[in-house]
Amino acid sequence: MKFIFPQNYKFNNKILGIIDYSTAIVNIIWYILVFIVINFIFNSIKIKIFIFILLCFPFFLISVIGFNHENIISVIIYVIKFLKNRKIYLYM
């Protein structure tokens, strides 16, 4: 059985059909940085778990839900460009 995809169809490889590979790499880097900082600052395991969930879960939700199926890296670049030059408006 052959499938014919139109030329303007954009096919992205995703992990489990949910997250792009580049977004997953950014998430893993963020989780590692948060984990290292939390281990240096706090001693109690309950506080470590609470702070880790507090800092990582919203980032994970934004990665999964996304902004109109945009890559998280491109969203971060858009936000940085907007903050750098307020005269540029974001059109999504």
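Here, each number is a calculation from the coordinates, and none is a lab measurement. All values reported here derive from a predicted model rather than from experimental measurement. Don't worry about glycine lacking a Cβ; one is built from the backbone with ideal geometry, like all the others, and counts go over all protein chains shown.
Some notes on this structure:
- Some residue of region 47-56 being within 14 Å of the chain's Cα centre (by Cα) and either in a helix (DSSP H, G or I) or of a type outside the set (A, V, I, L, M, F, W, C) (or both): yes
- Residues that are assigned to a helix (DSSP H, G or I) and loosely packed, with under 12 Cβ neighbours inside 10 Å, drawn from region 34-46: ILE36, ASN39, PHE40, ILE41, ILE45, LYS46
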